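Student: Sharing a structure here in structure tokens format.
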């Protein structure tokens with residue numbers, strides 16, 4: 001009973017006492033508004049500080065990376081000298097003293113070189129210095145027991161390019177990178193030249209071991225950390241890929257104190273300022289609420305009815321005025337762009353003619369490719385395409401000019417007191433601004449037509465028709481180019497969704513060219529095959545990004561969505577005259593020889609020839625490169641899988657020729 005009376009007394013005091021009421025309100029506002037807002041701002045500021053710090057670390061890492069790359073490449077450039085020396089002397093027996101004298105010149109002038117070796121037919125014969133390297137003499141690199149050595153040797157023999165291996169522990173001690181280069185004489189393998197580079201002097205030169213550095217740095221090749229602390233890669237570091245002649249590795253860095261500790265002082269200062277602002281806002285809230293409650297109590301009883309009536313009247317008046325303004329505005333404006341509509345345009349056309357503000361120029365603009373965009377991006381993106389075009393027109397127009405959207409994809413501009421030459425300059429500005437969108441996700445493409453009324457005798461409607469006719473003629477001549485630009489925009493958008501798609505297409509284009517030559521395709525067929533290699537996956541633009549990048553297995557719904565990409569690609573290619581010739585091939589590039597493919601279950605030679613070719617190339621590239629959902633397999637395993645699927649998934653004759661080409 002006592003507790004209930006106590007609660008009632010407190011409640012009454014809060015209702016009737018300005019001070020208590022203001023304190024409670026201030027407390028609630030601070031608790032429910034200021035503090036949550038402060039927490040959000042604190043988190044956001046912390047995130048920004050971390051981002052800034054990461055950019056700072058990234059900038060420092062770039063400097064280290066550039067210096068490391070330059071130093072390593074400078075060292076390895078000496079291998080070219082050894083190669084030239086070998087070629088100058090391979091027609092005669094290389095004398096040991098001559099080799100030692102030449103190698104000494106390279107060795108003594110460059111710190112960090114561990115050894116220089118010439119290996120005719122892959123067997124180490126000439127080694128400098130011989131000290132600490134005796135066991136290398138006579139060693140057959142082609143039969144080396146270490147897989148990584150054999151792999152590097154075979155790679156340089158196959159590619160005829162320098163191949164680096166390491167860093168790893170050298171026989172002479174320390175970490176080193178070994179660069180090997182296969183030498184060919186009359187297109188026949190002659191042997192190898194080799195240089196071993198000690199990394200320790202390089203670390204010291206670029207000051208990776210600087211104790212006064214603000215960074216902790218580690219270097220990693222594949223999954224092995226060969227410099228710095230192993231756990232740096234577990235602390236969310238900034239990673240950069242360092243590429244040098246014949247190889248690459250990862251350089252990573254974090255602040256010495258850790259991410260959170262490195263921004264601690266700035267964060268504390270921000271929190272002090274934020275707390276002060278919240279405290280000040282609390283005081284202001286209390287003062288304002290106290291005054292408000294006091295005034296409210298004084299006038300509440302006397303003016304309650306009047307306020308209600310007045311409020312009701314004001315609300316009705318506001319709604320009526322707002323509706324009236326909205327109706328008037330919408331009757332004269334386009335609701336998407338905010339430009340004038342056709343009704344306003346026609347009224348202004350009559351007004352300008354009667355005012356005799358000659359010459360009057362009319363420009364008709366038609367927006368190209370709107371249907372393609374609506375079909376592939378949706379109407380929301382199509383509306384944005386219209387809005388972007390409107391912004392270009394507004395930015396090029398003068399104050400006295402009248403811009404209107406007179407149709408779904410059609411605009412008109414009235415230019416009073418504008419000669420043909422002046423109108424031509426305005427038209428040029430519009431076209432130049434459209435060209436600047438060439439690299440945008442969706443480049444803006446338009447067709448223009450203009451006509452000028454210089455005398456009163458000429459009917460304004462005839463001038464409008466002339467402008468429209470010119471626009472239509474220009475649209476017919478530019479239609480193919482504009483649609484191709486839009487399709488290119490789709491390709492760019494797909495690449496932004498998945499970088500692998502771009503790399504995948506580039507590799508496929510190269511293989512398609514080589515395979516096409518083996519198959520003796522005509523120039524026309526080679527060109528079509530190249531376009532097909534680029535566009536075969538274009539339909540994936542309509543697949544959700546989370547599905548394209550999913551690392552695990554796809555569920556039934558996701559797989560059903562992925563299988564639609566060939567049909568989407570067919571529609572996109574069909575929309576452009578330039579790419580229509582490969583539309584059927586895009587549609588069929590997932591059909592199987594046994595009829596169990598998709599989307600139409602075509603079988604055998606009913607599948608277009610180029611689609612059968614590209615399906616083999618596509619499968620091989622997918623198998624030999626990492627995907628979000630599956631690791632790459634070896635070239636040999638991939639070719640074995642193609643051989644296994646010949647006659648079921650693949651055209652057996654084409655599969656046999658492809659395997660033969662890739663095994664050569």
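Student: Look through 641, 637, 605 and report the one residue that is within 22 Å of residue 581 (Cβ to Cβ), surrounded by fewer than 17 Cβ atoms within 10 Å (Cβ to Cβ) and in contact with a helix residue (DSSP H, G or I) (Cβ under 9 Å, 6 or more places away or on another chain).
Tutor: Working: 641 fails: within 22 Å of residue 581 (Cβ to Cβ); 637 fails: within 22 Å of residue 581 (Cβ to Cβ).
After applying the criteria, what remains is 605.
Student: Among the residues of the stretch 387-397, are any part of a loop (DSSP other than H, G, I, E, B), under 30 Å from the mean Cα position of the chain (by Cα) and either surrounded by 15 or more Cβ atoms within 10 Å (Cβ to Cβ) or in contact (Cβ under 8 Å) with a residue 12 or more places away in the chain (or both)?
Tutor: Scanning the stretch 387-397 turns up no residue that is part of a loop (DSSP other than H, G, I, E, B), under 30 Å from the mean Cα position of the chain (by Cα) and either surrounded by 15 or more Cβ atoms within 10 Å (Cβ to Cβ) or in contact (Cβ under 8 Å) with a residue 12 or more places away in the chain (or both).
Student: Which number in (1) exposed (fewer than 15 other Cβ atoms within 10 Å of the Cβ); (2) touching a residue at least 60 places away in the same chain (Cβ under 8 Å) marks the one condition that residue 143 misses?
Tutor: Evaluating residue 143 over (1) exposed (fewer than 15 other Cβ atoms within 10 Å of the Cβ); (2) touching a residue at least 60 places away in the same chain (Cβ under 8 Å) leaves (2) as the failure.
Student: Working only within the stretch 549-568, note down all residues that are outside any helix (DSSP H, G or I), loosely packed, with under 10 Cβ neighbours inside 10 Å and either free of Cβ contacts under 8 Å to residues at least 12 places away in the same chain or over 24 Å from the mean Cα position of the chain (by Cα) (or both).
Tutor: 553
Student: Right, residue 571: surrounded by 21 or more Cβ atoms within 10 Å (Cβ to Cβ), in contact (Cβ under 8 Å) with a residue 24 or more places away in the chain, under 21 Å from residue 374 (Cα atoms) and in the same structural domain as residue 656 (by TED's automatic domain parsing) or not?
Tutor: Working: surrounded by 21 or more Cβ atoms within 10 Å (Cβ to Cβ): no; in contact (Cβ under 8 Å) with a residue 24 or more places away in the chain: yes; under 21 Å from residue 374 (Cα atoms): yes; in the same structural domain as residue 656 (by TED's automatic domain parsing): yes.
Criteria not met by residue 571.
Student: Residue by residue through the stretch 241-278, note down the ones that are in a strand (DSSP E or B) and surrounded by fewer than 16 Cβ atoms within 10 Å (Cβ to Cβ).
Tutor: Once the filter is applied, which keeps residues that are in a strand (DSSP E or B) and surrounded by fewer than 16 Cβ atoms within 10 Å (Cβ to Cβ), the stretch 241-278 yields 241, 243, 248.
Student: Give the residues of the stretch 367-383 that are touching a residue at least 12 places away in the same chain (Cβ under 8 Å) and within 24 Å of residue 329 (Cα to Cα), sorted by residue number.
Tutor: 382, 383
Student: So which residues in the stretch 120-136 are in a helix (DSSP H, G or I) and surrounded by fewer than 18 Cβ atoms within 10 Å (Cβ to Cβ), if there are any at all? Full working, then the answer.
Tutor: Keep residues of the stretch 120-136 that are in a helix (DSSP H, G or I), which gives 134-136.
Listed by number, the residues that qualify are 134, 135.
Student: Quick one: which strands (runs of 3 or more DSSP E) lie wholly within the stretch 155-229 and hold at least 2 residues that are buried (at least 21 other Cβ atoms within 10 Å of the Cβ) and free of Cβ contacts under 8 Å to residues at least 60 places away in the same chain?
Tutor: 175-185, 215-221
Student: Another question about this same structure. Any idea how many residues of the stretch 324-348 are touching a strand residue (DSSP E or B) at 6+ places or on another chain (Cβ under 8 Å), touching a residue at least 40 places away in the same chain (Cβ under 8 Å) and outside any helix (DSSP H, G or I)? Before the answer, list the steps.
Tutor: Pass one, the stretch 324-348, residues touching a strand residue (DSSP E or B) at 6+ places or on another chain (Cβ under 8 Å): 332-334, 336-337, 339-342, 344-345, 348.
Now restrict to residues that are touching a residue at least 40 places away in the same chain (Cβ under 8 Å): 334, 336-337, 339-342, 344-345, 348.
Now drop any that are not outside any helix (DSSP H, G or I), which leaves 334, 336-337, 339-341.
Counting residues in the stretch 324-348 that are touching a strand residue (DSSP E or B) at 6+ places or on another chain (Cβ under 8 Å), touching a residue at least 40 places away in the same chain (Cβ under 8 Å) and outside any helix (DSSP H, G or I) gives 6.
Student: With 91, 110 as the choices, which residue is surrounded by fewer than 16 Cβ atoms within 10 Å (Cβ to Cβ), in the same structural domain as residue 161 (by TED's automatic domain parsing), modelled with pLDDT under 90 and under 30 Å from residue 205 (Cα atoms)?
Tutor: Among 91, 110, only 110 is surrounded by fewer than 16 Cβ atoms within 10 Å (Cβ to Cβ), in the same structural domain as residue 161 (by TED's automatic domain parsing), modelled with pLDDT under 90 and under 30 Å from residue 205 (Cα atoms).
Student: Do the conditions hold for residue 589, that is, is it assigned by TED's automatic domain parsing to the domain that holds residue 503 and surrounded by fewer than 20 Cβ atoms within 10 Å (Cβ to Cβ)? First the steps, then the outcome.
Tutor: On the way: assigned by TED's automatic domain parsing to the domain that holds residue 503: yes; surrounded by fewer than 20 Cβ atoms within 10 Å (Cβ to Cβ): no.
Here the answer is no, as residue 589 does not meet what is asked.
Student: Of all residues in the stretch 21-38 being over 42 Å from the mean Cα position of the chain (by Cα) and crowded, with 16+ Cβ neighbours inside 10 Å, which is modelled with the lowest pLDDT?
Tutor: Looking at residues that are over 42 Å from the mean Cα position of the chain (by Cα) and crowded, with 16+ Cβ neighbours inside 10 Å, I get 21.
The values are calculated or read from the model by the stated rules, or taken from the named source; none is laboratory data. This structure is a prediction, so every number in the text was calculated from the model and none was measured. Heads up, the Cβs are rebuilt from the backbone with ideal geometry, glycines too, and the neighbour counts pull from every protein chain shown.
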